[in-house]
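Student: Okay, handing you the structure first.
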Amino acid sequence: MPAIVECVPNFSEGRRPEILDAIIGAALTDNNVILLDKEMDADHNRAVVTFVGEPDPVSEAVFRAIRKAAELLDMRTHSGEHPRMGATDVVPFVPITGVKLAECAALAKKLGQRVGEELAIPVYLYEAAASRPDRENLADVRRGQYEGLRDAMETDPDRRPDFGPATMNLKAGATAIGARMPLVAYNVYLDTNRLSVAKEIAKAIRFGGGGMRFVKALGFEIKDRGCVQVSMNLVNYQKSPIFRVFEMIKAEAARWGARVTSSEIVGLTPAKSLYDVAEYYLQLERFSPDQILEEKLRTASERQTERSGWTHFSDRVASKEPAPGGGSVSASAGALAAALCAMVCRLSLGRKAYADVKEEIEATLAAAEEARTHLTRLVDDDAKAFDNLMAAIKLPKDTEAEQEARIKAMNEATKVAAEVPLEVMRTAHRVLELSRICAEKGNVNSVSDAGVAARMAQTAIIGAGLNVKINLTGFSDESYRETSLAQMRELEASAAGLTDEVLQIVHKKIEG
């Protein structure tokens, strides 16, 4: 399962679509990042954008968006109903698949440091990425908004940012960057224009006012509709579900002689949050998401895709075509070894028993994912290198000029055909080193997985080495051949000793 994160940056712009489009356009220069949703609110003068993708590409995309927002927006002239402190006001990372909350927190810290250093924007870490308990709550971080924080930042040591300058960036403001689980942004409209009523209801239902544990709420006036709104973030929609919040607002509104006229979900919401609403109001018995037709089709499609992806590669290897062959299979073995290391890391993070090695495990996870991505790319690179070598061999050789061009092309293609498996060996050796960390310091219940990772990495090294040898057989550039073969032998010898070390650790832990 690929590592997928969601990022939902909020920008202080809700009235000029062309500005938001420019910010989003700056972000989406990477095809690996997908724009899922964008919404603007003129009264709030705020936009909510949702990106998804693999962690590093998403982080890079959001950095570009923050940079563009700092260029186009000016907090000195900004006004709106919603609390805000920066052009890019808040940037939460949300784990979706193959990623834990702790990894999103690490991603937030890395981005926060970069924004502070490269863009000179004060950055505050919040929620799961918070540097201290009093900054976990976004409302506490944003207290006083742009104007109040601008004045307090220089005089109050407690209000100094985690990254960046200790003075407000007057144009771009300050930014909160953090990590959280999926939430539901939910608004309820009332048939009154009395702002005091919305504020009293918001106070009654939010946790800070004695209400529900996982509800954050504020009251706003919606001038273009002539009414007021209770605007909420349900930070744990399973423990403070939509239907319960809705019913409580109805009851509180009745106390003030008001009624609910409608409600809305802002941005994207998990399907289960709506399934729970249907189950509650319809009083469904023994309801399961598996009864949703689209959900069943999606699950079946995902399983088929997973099967077909592996089957397709296996079928290609099994065909009469010479590529993909042993080189690609070796790279694939290395990628699987890296995947196992990543799994062990994820099974270790967030557990008290491994808190002392948290930073090392996080670094190991990042290195494993980088190696997995690289080795996966080398699977195709090896097949392409072989095809290019065959194409060079088939070049015409009737004339002396054609013969020279053919020999030159063959030499260049041969070097690439040898360099790719050599890179597989080097990368797999790094994975082997990571497997030792996993075996020594990772979750003891997954130590056997660390051992398998070591063996798979060694297999990748041995298999790739065979490809280096055969591709350089008879190669005319003797200096290049001997240098490459020496690297190959060194990696093979080192891998043999390192694999033995890892397996000794594994067996010792299994046998107690």
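The values are calculated or read from the model by the stated rules, or taken from the named source; none is laboratory data. Remember, predicted model here, so these are calculated numbers, not experimental data. With ideal geometry, Cβ positions are generated from the backbone for all residues, glycine too; neighbour counts draw on all protein chains shown. Areas reflect the complete protein model, heavy atoms only, side chains present, ligands, DNA and RNA absent. Shrake-Rupley method; radii C 1.70, N 1.55, O 1.52, S 1.80 Å.
Student: Is there a residue in the range 208-222 that is out of contact with any helix residue (DSSP H, G or I) (no Cβ under 8 Å at 6 or more places or on another chain), within 20 Å of G80 (Cβ to Cβ) and open to solvent by 50 Å² or more (accessible area, probe 1.4 Å)?
Tutor: no
Student: Tell me yes or no: at least one residue of the range 350-369 is modelled with pLDDT under 90, of a type in the set (D, E) and within 27 Å of L485 (Cα to Cα).
Tutor: Checked against the condition, which is being modelled with pLDDT under 90, of a type in the set (D, E) and within 27 Å of L485 (Cα to Cα), the range 350-369 yields no hits at all.
Student: If you don't mind, another one. Determine which member of the set A152, A172 is open to solvent by less than 40 Å² (accessible area, probe 1.4 Å), without any contact (Cβ under 8 Å) to a residue 24 or more places away in the chain and among the small types (G, A, S). Steps first, answer last, please.
Tutor: Working: A172 fails: without any contact (Cβ under 8 Å) to a residue 24 or more places away in the chain.
Of the residues listed, the single one that is open to solvent by less than 40 Å² (accessible area, probe 1.4 Å), without any contact (Cβ under 8 Å) to a residue 24 or more places away in the chain and among the small types (G, A, S) is A152.
Student: Follow-up question, since we're still on this one. Restricting to the range 150-182, count the residues that are in a loop (DSSP other than H, G, I, E, B), more than 18 Å from M75 (Cβ to Cβ) and not acidic (D, E).
Tutor: Start the filter on the range 150-182 by keeping residues that are in a loop (DSSP other than H, G, I, E, B), which leaves 153-156, 160-162, 164-168, 170-172, 174, 180-182.
Remaining after also requiring more than 18 Å from M75 (Cβ to Cβ): 155-156, 160, 162, 180-182.
Checking which are not acidic (D, E) leaves us with 155, 160, 180-182.
Qualifying residue count, the range 150-182: 5.
Student: Find the residue count for the range 223-247, including only residues that are outside any helix (DSSP H, G or I), touching a helix residue (DSSP H, G or I) at 6+ places or on another chain (Cβ under 8 Å) and more than 15 Å from L268 (Cα to Cα). I'd like the intermediate steps shown before the answer.
Tutor: Going residue by residue through the range 223-247, those that are outside any helix (DSSP H, G or I) are 226-241.
Next, from what is left, pick out any that are touching a helix residue (DSSP H, G or I) at 6+ places or on another chain (Cβ under 8 Å): 228-232, 234, 237-238, 241.
Checking which are more than 15 Å from L268 (Cα to Cα) leaves us with 228-231, 238, 241.
So the answer is 6.
Student: Restricting attention to the range 490-500, which residues are of a type in the set (D, E, K, R) and either in contact with a helix residue (DSSP H, G or I) (Cβ under 8 Å, 6 or more places away or on another chain) or surrounded by 15 or more Cβ atoms within 10 Å (Cβ to Cβ) (or both)? Talk me through it step by step, then tell me what you get.
Tutor: First, pick out the residues of the range 490-500 that are of a type in the set (D, E, K, R): 490, 492, 500.
Result: E492, single match.
Student: Considering A27, A87, which residue is more than 22 Å from V184 (Cα to Cα), crowded, with 17+ Cβ neighbours inside 10 Å and modelled with pLDDT under 95? I'd like the intermediate steps shown before the answer.
Tutor: Values: A87 fails: modelled with pLDDT under 95.
Exactly one residue qualifies, and that residue is A27.
Student: Across the range 282-297, which residue is nearest to V5 (Cα to Cα) among those that are of a type in the set (A, V, I, L, M) and open to solvent by 90 Å² or more (accessible area, probe 1.4 Å)? Steps first, please.
Tutor: First, pick out the residues of the range 282-297 that are of a type in the set (A, V, I, L, M): 282, 284, 292-293, 297.
From what is left, the residues that are open to solvent by 90 Å² or more (accessible area, probe 1.4 Å) are 282, 293, 297.
Numbers: L282: 33, L293: 26, L297: 23 Å.
The qualifying residue nearest to V5 (Cα to Cα) is L297.
Student: Go through A392, A413, A383 for me and flag whichever is over 22 Å from E54 (Cβ atoms), in contact with a Leu (Cβ under 8 Å, 6 or more places away or on another chain), surrounded by 14 or more Cβ atoms within 10 Å (Cβ to Cβ) and at pLDDT below 90.
Tutor: Working: A392 fails: in contact with a Leu (Cβ under 8 Å, 6 or more places away or on another chain); A383 fails: in contact with a Leu (Cβ under 8 Å, 6 or more places away or on another chain).
Only one candidate qualifies: A413.
Student: Using beta carbons and a limit of 7 Å, which pairs, at least six apart or on different chains, have the first residue in the range 483-512 and more than 24 Å from T473 (Cβ to Cβ) and in a helix (DSSP H, G or I) and the second one open to solvent by 40 Å² or more (accessible area, probe 1.4 Å) and of a type in the set (A, V, I, L, M)?
Tutor: So the pair list comes out as K509/V444.
Student: Still on this structure, please answer the following. Checking V188 against (1) outside any loop (DSSP other than H, G, I, E, B); (2) open to solvent by 40 Å² or more (accessible area, probe 1.4 Å), only one condition comes out false. Which one?
Tutor: All conditions pass for V188, except number (2).
Student: Just give me the residues in the range 218-248 being closer than 16 Å to A202 by Cβ and aromatic (F, W, Y), in sequence order.
Tutor: Correct list: F220, F246.
Student: Shifting gears a bit: Does K109 satisfy the condition of being open to solvent by 40 Å² or more (accessible area, probe 1.4 Å) and closer than 28 Å to M343 by Cβ?
Tutor: Numbers: open to solvent by 40 Å² or more (accessible area, probe 1.4 Å): yes; closer than 28 Å to M343 by Cβ: yes.
Yes, satisfied.
Student: Mind listing just one residue for me: the one in the range 244-281 that is among the aliphatic types (A, V, I, L, M) and touching a Phe, Trp or Tyr at 6+ places or on another chain (Cβ under 9 Å) and, of those, least open to solvent (accessible area, probe 1.4 Å)? Walk me through how you get there before you give the answer.
Tutor: If we filter the range 244-281 for residues that are among the aliphatic types (A, V, I, L, M), which is where we start, we get 245, 248-249, 251, 253-254, 258, 260, 265-266, 268, 271, 274, 277-278.
Cutting the leftovers down to touching a Phe, Trp or Tyr at 6+ places or on another chain (Cβ under 9 Å) gives us 245, 260, 265-266, 277-278.
Numbers: V245: 0, V260: 31, I265: 54, V266: 33, V277: 34, A278: 38 Å².
The residue in question is V245.
Student: Something else: Any residue in the range 10-32 that's free of Cβ contacts under 8 Å to residues at least 40 places away in the same chain and over 26 Å from R142 (Cα atoms): show its pairings with residues that are open to solvent by 60 Å² or more (accessible area, probe 1.4 Å) and assigned to a helix (DSSP H, G or I) at Cβ separation under 8 Å, as long as the two are six or more apart or on different chains.
Tutor: Within 8 Å, the pairs are D30/E60.
Student: Hey, another quick one. If I filter the range 36-58 for residues that are closer than 20 Å to L119 by Cα, touching a helix residue (DSSP H, G or I) at 6+ places or on another chain (Cβ under 9 Å) and buried (at least 20 other Cβ atoms within 10 Å of the Cβ), do I get at least one hit? Even if it seems obvious, please write down each step before you answer.
Tutor: Kept after step one, since they are closer than 20 Å to L119 by Cα, are these residues of the range 36-58: 56-58.
Checking the rest, the ones that are also touching a helix residue (DSSP H, G or I) at 6+ places or on another chain (Cβ under 9 Å) come to 56, 58.
Next, only the ones that are buried (at least 20 other Cβ atoms within 10 Å of the Cβ) stay: 58.
Checked the range 36-58: at least one residue is closer than 20 Å to L119 by Cα, touching a helix residue (DSSP H, G or I) at 6+ places or on another chain (Cβ under 9 Å) and buried (at least 20 other Cβ atoms within 10 Å of the Cβ).
Student: To continue, here is another question. Return a yes/no flag: does the range 95-108 have any residue that is without any contact (Cβ under 8 Å) to a residue 24 or more places away in the chain, charged (D, E, K, R) and assigned to a helix (DSSP H, G or I). Walk me through how you get there before you give the answer.
Tutor: Step one: filter the range 95-108 for residues without any contact (Cβ under 8 Å) to a residue 24 or more places away in the chain, giving none.
Scanning the range 95-108, I find no residue that is without any contact (Cβ under 8 Å) to a residue 24 or more places away in the chain, charged (D, E, K, R) and assigned to a helix (DSSP H, G or I), so the answer is no.
Student: Scan the range 61-81 for residues that are acidic (D, E) and modelled with pLDDT of 95 or more and report the count. If you could, list the steps in order and put the result at the bottom.
Tutor: Filtering the range 61-81 for residues acidic (D, E) gives 71, 74, 81.
With the extra rule that they be modelled with pLDDT of 95 or more, the set shrinks to 71, 74.
Looking only at that region, the number is 2.
Student: Another question, then. Please find, within the range 313-350, the residue that is surrounded by the most Cβ atoms within 10 Å (Cβ to Cβ) out of those that are in a helix (DSSP H, G or I) and among the basic types (K, R).
Tutor: That would be R346.
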